[in-house]
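One structure is given here, and the rest of the page talks about it.
Just so it is clear, none of the values below were taken in a lab; they were calculated from the coordinates. For clarity, every value in this text was computed on a predicted model and none was experimentally measured. In this analysis, Cβ positions are derived from the backbone assuming ideal geometry, glycine residues included, and neighbour counts consider all displayed protein chains.
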Amino acid sequence: MLSFFIKNRNYLILYFTLAYVAAFAVNAYVHRNLEFIYYTILLVGLIYLVVYIHQYLRLGFFLIFNISLLGFFHLLGGNSYIGAVRLYEYYLAPNFFRYDNFVHSYASFIATILLYTLTADFIDERARKRFGIVCLGLVLMTLGLGSINEILEFLAVIFFDAAQQVGDYYNNSLDLVFNTVGSIIGCFVVYLYLERPRILKKIHDKINQSN
């Protein structure tokens with residue numbers, strides 16, 4: 001049984017993703033939630049993009065699983081309520097940390113690792129010796145993706161009258177702050193679990209060659 005799940009885990013994630021997208025799409029349609037019908041269509045496009053990239057680059061299970069989980073958290077936040085409060089507005093930590101902040105941090109964390117995976121083979125060795133430079137590049141690229149997300153949310157405001165759901169300038173600024181925090185955490189993970197082992201392997205190989 002376990003071997004079946006391991007062998008077919010990517011397909012299982014895809015089926016899980018398609019299932020929750022379909023379920024939330026129906027829920028959004030029933031409740032006339034045009035904003036999240038729009039987001040669901042965008043998510044379908046993202047799923048196609050991830051599958052397309054995976055065909056050529058073979059993204060790791062960690063990334064595929066977390067990208068799927070991120071989509072689930074996003075649709076859950078816009079379609080679910082705790083009492084009268086939409087989950088996206090719900091405070092996980094009173095008056096400080098909302099579910100929306102968590103999703104932005106998590107999304108940027110995953111985006112940073114994904115961007116590193118896509119660009120790792122093109123990073124100059126001189127830059128690798130000063131990982132802070134690599135980290136800065138990853139954070140800036142991640143914030144660029146975050147800006148695209150804000151533009152897509154702005155389109156929801158224009159065409160679907162979603163200003164109240166999307167939030168004001170203060171909320172937009174908080175999104176950018178938590179995007180940055182999530183990306184910086186992602187950089188630490190990249191260094192500890194991806195970049196540092198790579199450096200140690202090169203050192204080990206050089207020692208073996210010299211011997």
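To the nearest 500 deg cm²/dmol, what mean residue ellipticity at 222 nm is calculated for the chain from DSSP H runs of n ≥ 4 alone, each contributing -39,500 (n - 2.57), summed and divided by the residues? Please report the intermediate quantities before stating the final value.
Numbers: 10 runs with 167 residues, N = 211.
When only DSSP H runs of four or more count, the value is -26500 deg cm²/dmol.
Of the candidates 36, 97, 122, which one comes out as most mobile in a Gaussian network treatment of the chain with C-alpha springs shorter than 10 Å?
Result: 122 has the largest fluctuation of those listed.
In the neighborhood of residue 75, defined by Cβ-to-Cβ distances under 14 Å, what is the net charge if each Lys or Arg adds +1 and each Asp or Glu adds -1?
It works out to a net charge of -1.
Which residue, 85, 21, 139, tops the fluctuation ranking in a GNM of the chain built on C-alpha contacts under 10 Å?
In this elastic network of the chain, the residue with the biggest mean-square fluctuation among 85, 21, 139 is 85.
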